[in-house]
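Some notes on the structure that comes next.
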Amino acid sequence: MKNIFNILILVFAFIILSCGDNKNKTKKLSENPVVDDYSAKIDSLILTTNPRKFNGVVLITQNGKTRYSKEYGFSDFEKKTPISLNDNFRIQSNSKQITAVLTLKEVEKGNIDLNNTVNEYLPDLKPTWGDSVTVHQLLNMSSGIVDIEKPLIFVPGNGYRYSNPGYGLLGSIIENVTGKEFIQSANQLFKELSMNNTYCYEFDKPNKGLVDGHSLENEKIKVVEFDSIGFTKESWKGFIPAGGIVSNANDLNIWDSKLHNGEILNSDLYKQMITPTNRGPHAAFNGDTIGYAYGLRIHDRHITKHLGHGGRGIGFVSIKFYIPEKDVDVIIWENIYAMDGNWMGGDIVYHFENEIRKIVVNSSLGK
């Protein structure tokens, strides 16, 4: 009996010591600093000048904490004004995910059915394909629309074709079901999310904090004059849902944090937004053919799944992506647009955005 008692005491003591040891191990693990195997690589990359120069900002956060931030170059080259994370820029096609969210919010209210055709919301639309293209197909780039006035290039739902006009139609549908201008709906959402520096660009308005975009050709940098692009007030209105929103790095970080942590859409609609239902290539994602969901590209074939979108034009280029498993958010934008080489292909245009993305997803932040 005495031996059994002694054995029980020894077992109890071992358990106590083991628990203490585990607590110490946990404490030591939690005290270990985050391995930074990316900052020096990004710093070195930004200093390179081939195939072009970098001029912009980089913001990387994890679990709401800044892991890396860089402001490199100028917002005004003539005045040598340093560029800033607080500067506003044209986010171009990153506008699409905002339009997708506004659409899904109307789905949640029962005002839009994703399987309904365009003509059910826009009965005055002239092309006959309005009876065959659905809202879902506008969102995931499977509509086949290249121009509102032209025939479809494939049967809706049977291909991939990136379509700015398709997202313009989504803006019109939102206006139809809400009875408000798209601009009003978008700006109201930004206000609710405390994105105080984000807004839809409008003709003849102050457009606060917006820096100039620039073209870069043969090492010469020139301001891109918006008036020279050729938009009218009417055509610009149709483009806003596809690429007409202005923001800055800090506000876009707010957007990603709230979107991907369930503060904007309910879980079912969010899942629909990030579930790829089409596939297509993009230069900012190494030219890989990857998933396209609703205003988001989903790189689901990389060892580190990440999702986001690129944006380019009017003197700006950007990429914004998120790594769900690590709660890592990355925002890169530049106010120069390279016009050398095969610039339409996007390899040079997105050179730094693509290379920084690869550094991050292959670093401790991604793996």
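The values are calculated or read from the model by the stated rules, or taken from the named source; none is laboratory data. None of these values were measured; they are calculated from a predicted model. So basically every Cβ, Gly included, is an ideal-geometry build from the backbone, and we count neighbours across all protein chains shown. Protein only, heavy atoms only, side chains kept; ligands, DNA and RNA dropped before computing areas. Shrake-Rupley method; radii C 1.70, N 1.55, O 1.52, S 1.80 Å.
Key figures for this structure:
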| item | result |
| --- | --- |
| Residue in region 276-288 that is part of a loop (DSSP other than H, G, I, E, B), on the phi > 0 side of the Ramachandran plot and at pLDDT below 95 present | yes |
| So residue 351, is it farther than 22 Å from residue 244 by Cβ and over 14 Å from the mean Cα position of the chain (by Cα) | yes |
| Total residues in region 68-100, condition in contact with a His (Cβ under 8 Å, 6 or more places away or on another chain) and open to solvent by 10 Å² or more (accessible area, probe 1.4 Å) | 2 |
| Any hit, region 101-114, residues being buried (at least 19 other Cβ atoms within 10 Å of the Cβ), of a type in the set (Val, Ile, Thr) and closer than 29 Å to residue 315 by Cα | yes |
| Unmet criterion (only one of (1) over 24 Å from residue 65 (Cβ atoms); (2) outside any strand (DSSP E or B); (3) free of Cβ contacts under 8 Å to residues at least 24 places away in the same chain) for residue 325 | (1) |
| Output for region 81-113, where each listed residue is without any contact (Cβ under 8 Å) to a residue 40 or more places away in the chain and touching a Ser or Thr at 6+ places or on another chain (Cβ under 8 Å) | 81, 82, 84 |
| Residue list for region 108-131, filter: assigned to a helix (DSSP H, G or I) and modelled with pLDDT under 95 | 128 |
| Evaluation of residue 295 against (1) part of a loop (DSSP other than H, G, I, E, B); (2) farther than 25 Å from residue 240 by Cβ (one fails), failing number | (2) |
| Considering residues of region 128-155 that are out of contact with any Leu (no Cβ under 6 Å at 6 or more places or on another chain) and under 16 Å from residue 279 (Cβ atoms) only, the residue most open to solvent (accessible area, probe 1.4 Å) | 154 |
